[in-house]
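> Pasting in a structure now, in structure tokens, and then I'll have a few things to ask.
The values are calculated or read from the model by the stated rules, or taken from the named source; none is laboratory data. Keep in mind that what you see is a predicted model, and the values were worked out from it rather than measured. Cβ atoms come from the backbone with ideal geometry, glycine included; neighbour counts cover every protein chain shown.
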Amino acid sequence: MDESRDKKPVPAPNLSGLKGYSVPRAPAPTDLPLDRNEGEAPPSALLVELAALGPALLNSYEKDRGLELRVAAMLGVAPNQVLATAGGDEAIDRAFRVYVQPDREVIVPTPTFEMLVSFARLSGGVIKRVPWPEGAFPLEATIAAATPRTGVIVVISPNNPTGAIATADDLRRLSAAVPHALLLVDLAYGDFAIEDLAPVATQLPNALIILTLSKAWGLAGLRVGFAVGPREIIERLGVAGGPHPVSKLSRAFAERWLDVGGPRKHAFVARVRAERVALADLLAALGAAPLPSQANFVYARFRDAVWVRDAAAGFGIALRLVTGKDGVACGLRITCPGNDADFGRLQHALQTTLAPEALLFDMDGVLADVALSYRTAIAETARSFGVEVTPADIAAAKAADGANDDWVVTQRLLAARGVRVDLAEATVRFEDIYQGAPGRPGLREKETLIPDPALLRELAARMPLGVVTGRPRDDAMRFLRGAGVAELFRVVICREDAPLKPDPAPVRLALARLGVRRAWMIGDAPDDIRAARAAGVLPLGFLPPGTPRAEVTNWLHQAGAARVLDRLDQLKELLP
């Protein structure tokens, strides 16, 4: 027996417990990424300029030192004190390869950038954490943690994820107190800070500065960063990785943008600084607890940070959840977008989530249990034309775009099985089954109210309630009056008033008639969610009784629902 077949490569022990970089995300799709701290992209005209340089950018390893020369001139250091790397991450990785070994310690004020700890672990280092949840840099505690075995002391300023800063005096004192350790000064967010630490750090004999073009310069996709420090430190870092860490294309792009992009970068930084003040003020006014920040983001604590993250995703905005660990409470890191349109969108999402002015409800499947009425009418109408459809068939059809009209849904189900029926004819049969006739009660008589009337009264006492439905007005009001809750809804928007959902017009009409801008809307179908989201209303999904839970939950989230509820009294847990 060949025992070698049972053997496998064994990873190094320093990988134990490490996981790949990942970010917990809300279930709803997003298009405005305020969870990644990326800067404003350069103009597309820059791509045109680079195209003129020709294909040699793509098929050659050859490089010059032009990029390092530009950075050296910006910082007032010698060119041999600068090493271009594949983003700031690779500069950190190289530093740990050189100055961290299995018998050496890395002192890390925490919370901190997640990958920094991973790089230290991969180099075999022993992590020593010093709490820095907020406020001034923990200088004395960091110095006290140092030993003869300390290889690296990390200072990230402004810190990620809190935005707190170290001072120039902190760096001087650390450098003098622990001269045998590398002082790794990560200035990824330094452009947004009030004090520039680079001039001081470049004069310290044991300091290495980490810079990046990913933030203020907006070149995250190029992966261009720099290590800046004493010549002998840079020489050691140069042999601790590949010979060509930055592609020729990225070098050319970065060089050109450093030459011409300064004014745009400075304007972007100024906008971000103004936004972070406005954002912190707004968050405080809404009951959150923002920390002072000098980065391009604001970190804030909330009563329920996970809910605020999910709610923002309902508006298409991604916020970064920071789970409670390393001495910092669970909260959100919110990037300042740096432009008026996106910042206004962020403000509206936060205000609507934390200070809603009204609640809007779809009727069928949310207020009215229609499993034995409308849903059954669809099945019986189809049967009258010789077609059998199941509840699962109907649920899937209702998940399609433009499925707010049950007459149309019925016609679609028939067509899918090869039965072509005029919409008017399908509607007549549907209505006969649903409405009934003298001596023959219709299926509408089987409808019941889903929420407890006491819950609706409680909600109505807190804020105005409205209904946005595709039902004809007579049917809608008959149900609300029959259920004894009509007086609780200040507006009822019906199919006669506006186009059907997913058009946002009926939702906007409800807002206008209520005289509000900020509302939540609860619906059981993707069309409800799409209409709410397009109208700037917080979309919440709801699972009616008897719904196939997994499938409908997925459909609602994919349509943009912030959360999917299975009981309407869960609203009380979410409302501020």
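> Exactly one condition in (1) touching a helix residue (DSSP H, G or I) at 6+ places or on another chain (Cβ under 7 Å); (2) touching a residue at least 60 places away in the same chain (Cβ under 8 Å); (3) in a helix (DSSP H, G or I); (4) surrounded by fewer than 24 Cβ atoms within 10 Å (Cβ to Cβ) is false for Thr353; which is it?
Single failed check for Thr353: (4).
> Those residues that are farther than 28 Å from Val272 by Cβ, in contact with a helix residue (DSSP H, G or I) (Cβ under 8 Å, 6 or more places away or on another chain) and surrounded by fewer than 22 Cβ atoms within 10 Å (Cβ to Cβ), I need them from segment 131-171; list them, please.
The answer is Ile143, Ala146.
> Here are Gly515, Gly536: which of them is in contact with a helix residue (DSSP H, G or I) (Cβ under 8 Å, 6 or more places away or on another chain), of a type outside the set (Phe, Trp, Tyr) and surrounded by fewer than 19 Cβ atoms within 10 Å (Cβ to Cβ)?
Answer to the check: Gly536.
> Only residues that are under 15 Å from Ala254 (Cα atoms) and touching an Asp or Glu at 6+ places or on another chain (Cβ under 8 Å): list them for segment 49-81, please.
Gly66, Leu67, Arg70
> Identify all residues within segment 366-408 that are over 36 Å from the mean Cα position of the chain (by Cα), of a type in the set (S, T, N, Q) and assigned to a loop (DSSP other than H, G, I, E, B); write none if there are none.
Ser373, Thr390
Here is a yes/no grid of residues against (1) modelled with pLDDT of 95 or more; (2) closer than 23 Å to Arg236 by Cβ; (3) touching a Pro at 6+ places or on another chain (Cβ under 8 Å); (4) not assigned by TED's automatic domain parsing to the domain that holds Ala280:
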position	(1), (2), (3), (4)
Val77	yes, yes, no, yes
Asp89	no, yes, no, yes
Pro102	no, yes, no, yes
Glu140	yes, no, no, yes
Ala145	yes, no, no, yes
Thr167	yes, no, no, yes
Asp170	yes, no, no, yes
Leu174	yes, yes, no, yes
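> So if I check each of Val155, Val117, which one is modelled with pLDDT of 95 or more and in contact with a strand residue (DSSP E or B) (Cβ under 9 Å, 6 or more places away or on another chain)?
None of the other options fit; the residue is Val155.
> Here is a list: Leu213, Leu219, Leu249. Which entry is within 29 Å of Val100 (Cβ to Cβ), outside the structural domain of Ala329 (by TED's automatic domain parsing) and in contact (Cβ under 8 Å) with a residue 60 or more places away in the chain?
On inspection, the qualifying residue turns out to be Leu219.
> From the list Leu237, Leu279, Leu321, which one is surrounded by 16 or more Cβ atoms within 10 Å (Cβ to Cβ), assigned to a helix (DSSP H, G or I) and outside the structural domain of Ala72 (by TED's automatic domain parsing)?
Every option except Leu279 fails the conditions.
> Taking Arg517 as the residue in question, decide whether it is farther than 12 Å from Phe361 by Cα, within 24 Å of the chain's Cα centre (by Cα) and not in a helix (DSSP H, G or I).
yes
> Separate question: Do we find a residue being surrounded by 17 or more Cβ atoms within 10 Å (Cβ to Cβ), acidic (Asp, Glu) and modelled with pLDDT of 85 or more anywhere in segment 385-396?
yes
> Go through segment 528-558 and count every residue that is small (Gly, Ala, Ser), within 28 Å of Ala498 (Cβ to Cβ) and touching a residue at least 60 places away in the same chain (Cβ under 8 Å).
Here the count works out to 3.
> Which one is surrounded by the most Cβ atoms within 10 Å (Cβ to Cβ) among residues in segment 29-63 that are within 30 Å of Ala561 (Cα to Cα) and charged (D, E, K, R)?
Asp35
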